[in-house]
Amino acid sequence: DPRGDVRARGCHRAGQMQTQPQSSLVFARPGDSATTDAVPITASGMHDGSPPQIPELQVASAQESARTHPVKKAATPSYPSAEVIQRSREAAHAQAQQRHVAAQGANGGYPLMPSLPQRPPQHLPSAPAQAKQQQRTVTRDLGVDAPPEFVRQASSGPVPDYPEYDMGEEVRELTKKLAGTETKRYDVTFHKLCMDVTVKGSGPIWNRTPSTKKTILHGIDGVFPAGKFTAIMGASGAGKTTLLNAVAGEAAGGNLSGYILVNGASVGSDVMRKISVFVFQDDVMLATMTVREVIFMSAKLRLPTAMSEQEKRARVVDVIKILHLTRCADTVIGNAGDRGGISGGERKRTAIAMELITDPSILFLDEPTSGLDTYTAFSVVQTLKSLGQAGRTVVATIHQPSSDIYHMFDNLMLLAHGRIMYQGGSKEAVDYFGERGFPCPDYTNPADHIFMKILNDTDAMDDQEKLRAGQRVQSLLQDYQSSHNAATLSLQSIQKGQGVNLSGMPPNCAWKDQFQVLFQRAARNAVRNRLIVRAKFGQGIFMGLLVGLIWRDLGKNQVSVQDRNGVLFFVAVNSTMAATQMMLSSFGPERMVFERERSHGMYRTLPYFMSKIIMELPPNCIFPCIQGTIAYFLLHLQRDATKYGHYIATVVLLQNTGNALGIMIASMFSDLEVIIAISPLIILPLMIFSGFFVADGGIPAYFDWIKYISPMKYSFAALALNEYTDLTLECDAGEFVARPNCAQAVDPQGNPMWVVEGREPVLEKCVCPYTRGEQVTDYFGMTGSDGITLPQNLTILFCMWMCFLCLAFLLLFRLVHNREVSRAKLLSSSGIDQARATAEASYHQSSSRHLHHASNRSLPGDPLTTA
């Protein structure tokens, strides 16, 4: 620029993409010599055929700039000869053709994108003409009218299709290899799409405000054509994500109405999810898997079964290279914020890779560049651009794109307040708003200009400015709604077509294959989740030592009866509650991963549930055995192998029953906070009516049914029967008690004695309360009228375990099914013929108005195109 600084490229005049030739440009600051302090700038690009048409410079502007900012006169530049330039061009073109041929030979079965056209030899201008062309090139690249003195050396090489960043030769070829695969072309349209939600009232119950209905999308029409990369932009709260979710079949809440069509036929969310993929804004993945493993799992579950495992692994490697994940390919993902896991940008790219591996025909992405650095975001968008050029339908919401990313968009849709402000080519958007009084200044990113000067209606200093900003946005919205372009797109969005043919789609992965993949993942998750493993192991040892040291060396006197009852009941309650709480804390976050993967159609519910339960069996058997063994021998329970086996079996069954109870509670509600809050309300009644706190005969009739569904009741009874059977008890001194049928007497010496009816008087207390263990179980009603034996209690525990598992599966299936039902909102196509007729009538009316206005604006003698 005139101050001597080499400026970065910013806004592009009139919405034209600013490109840089494949050349070396040298700029000099004012006052520099011709040979010493020149600043070189080297740029590289891709061949795109013929050079673009460059408008003539405003010579007066260039002369004025040179006169206002004089520079030291440089030596007369020497230009390369025409022969040298021609040889350079031919050599570069030959190298490009060699790379293309080499890529075709190593494409691994994927056809490449169409090759670039041969560039015919051009007439080479003379040296003065070359200097003039060089000044045009520099002026076009810098966006200013550069004086001739700023140009030292340049060559007019081929102009790239993309900005100057280069994704690398290998990555470029891999992208072409992936994008070059055959695919069906699907045009996605939506007509009169509305979405409203109910906002619940706030405040206390006695003074709560009434619920209100909020409309997010106001009957909008749009077209997402195949072979194009469409970007949806808008301020926060404009409805970008809502629109994307609605079209992709991921809108789980609210009331949705309208029509969604693919190739001119109305489709539901189930069909849409079969032919498309969706990359969510939040990245939900299992934290214990590596990047390579999670992408390969997606490949094994979603790619056609006809592909061999070697081919799937090769595609995984290609996708990893395309998205620049090679450095973290074997790194554990970790949780968000973990120091040992991958970064947020790498998580985002991994989520994209999981969907990109399937080579989808339709790709929806919710803010794919959020959290990425500038170059990585550009690389991701460049990959999406290549997929669009190969025939895919690519739609993404973009929050704040850079200038280079903005010019990668094929189509642009601007939303404001749930309505469309602009829909069309991204390069025409600057001219569109410029004609309406909002020209894009020089050196300004068009996206920044749109957000700051057009869409922004909240950042105002006073009420007057807010009013004007709101009127500006409403005026632009109304201008688009009444335009001929809106009527044309409305008609295109409802036009009838051939629809979707799902006959050629590959079948889903078999049930056994899904189970195998998920079981392997569950095994790795159990091994790598060291915190959970250590917690369970430490809990087993700690609780075993705690129980054993508190009730250590149980005797056989009367006091030991209360101690035995207490420790056996504590073991029953602790095993149940510990297993339940551990499962609630671990299964809650994992269920989010399951719901996300299940919504993508990666697998069914039953294979996941079976792999989860089977993988939980080893730790649920090993750790209770460790805890039970430590406690059993420290307590000095009966030293009998059979009784020890029954004790361990009871503890293991109770652990698995509590585990199943935890899965069942975690599957009742979708909100984890609600699950944590509701779990004590379910567990505490089961504990109270387990037979220890309240005797069977003392339970009210309306609560008596609870004891029959309490696993603690049957486990406590099993442990008590196992311990008290064949146990001989005795009384220490002072433990004998009198009975009501005992009468006090005096012996001949005058000493007190106890007389038992029907027996001889004895010089000791009347009776020992418990001399056999069976007396204790009879007192607690464990062997009374119910007559439930130890094997029967264990059998009931096993049946309760199975029942809890079945209920957990049904509840989990219900959650998934309800989510599917809530998303399947557009299954009806009734009234679509009438909507087509209305759209056609509106189009004809708009065409008449458009032609009338055009004829009124035309000057005498100007041609008027009426086609």
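The values are calculated or read from the model by the stated rules, or taken from the named source; none is laboratory data. Small disclaimer: the values here were computed from a predicted structure and weren't measured. For neighbour counting, all protein chains shown are included, and Cβ atoms are generated from backbone atoms with ideal geometry for every residue, glycine included. Side chains are part of the model used for accessible areas, which takes the heavy atoms of the whole protein and leaves out ligands, DNA and RNA. Shrake-Rupley method; radii C 1.70, N 1.55, O 1.52, S 1.80 Å.
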Checklist outcome for this item: Using a 1.4 Å probe on heavy atoms of the protein chains only, the accessible area for Phe703 in Å², nearest 10, reads 90
Item to check | Simple label model, 7 Å out from Cα along Cβ direction - Ala535 to Ile205, nm | outcome: 3.5
Checklist entry - When only the heavy atoms of the protein chains count and the probe is 1.4 Å, how do Arg598, Arg591 rank by accessible area, highest first? => result Arg598, Arg591
Checklist entry - Between the DSSP loop rule and a limit of at most 11 other Cβ atoms within 10 Å, which trypsin sites (Lys or Arg not before Pro) in the range 331-404 are left? => result Arg339
Checklist entry - In the range 400-541, what percent of the accessible surface is made up of carbon and sulfur (1.4 Å probe, ligands and nucleic acids excluded)? => result 52
Checklist entry - Of Trp801, Trp705, Trp206, Trp551, which has the most accessible area and how do the rest follow, probe 1.4 Å? => result Trp206, Trp705, Trp551, Trp801
Item to check | Percent RCO, i.e. relative contact order, over the range 247-344, from Cα pairs under 8 Å lying at least 6 residues apart | outcome: 25
Checklist entry - Ignoring ligands, DNA and RNA, what percent of the 1.4 Å accessible area of the range 639-693 is carbon and sulfur? => result 70
Checklist entry - Can you list, largest first and rounded to whole Å, the semi-axes you get for the range 502-588 by taking the square root of 5 times each eigenvalue of its Cα gyration tensor? => result 46, 15, 10
Item to check | Exposure of Ile648 as accessible area (Å², to 10), given a probe of 1.4 Å and all protein chains | outcome: 20
Checklist outcome for this item: Extension length gain for Ser847 and Ile682 (0.36 nm per residue less Cα distance), in nm, is 52.7 nm
Checklist entry - What accessible area per residue comes out for the range 412-545, rounded to a whole number of Å², with a 1.4 Å probe? => result 54
Item to check | Length-normalised contact order of the range 405-461 in % [C-alpha pairs under 8 Å, at least 6 apart] | outcome: 24
Checklist entry - Any idea of His844's accessible area? Nearest 10 Å², probe 1.4 Å. => result 100
Next on the checklist: If each residue of separation counts as 0.36 nm, what is the full-extension length gain between Val527 and Gln400 once their alpha-carbon separation is subtracted?
Outcome noted: 41.6 nm
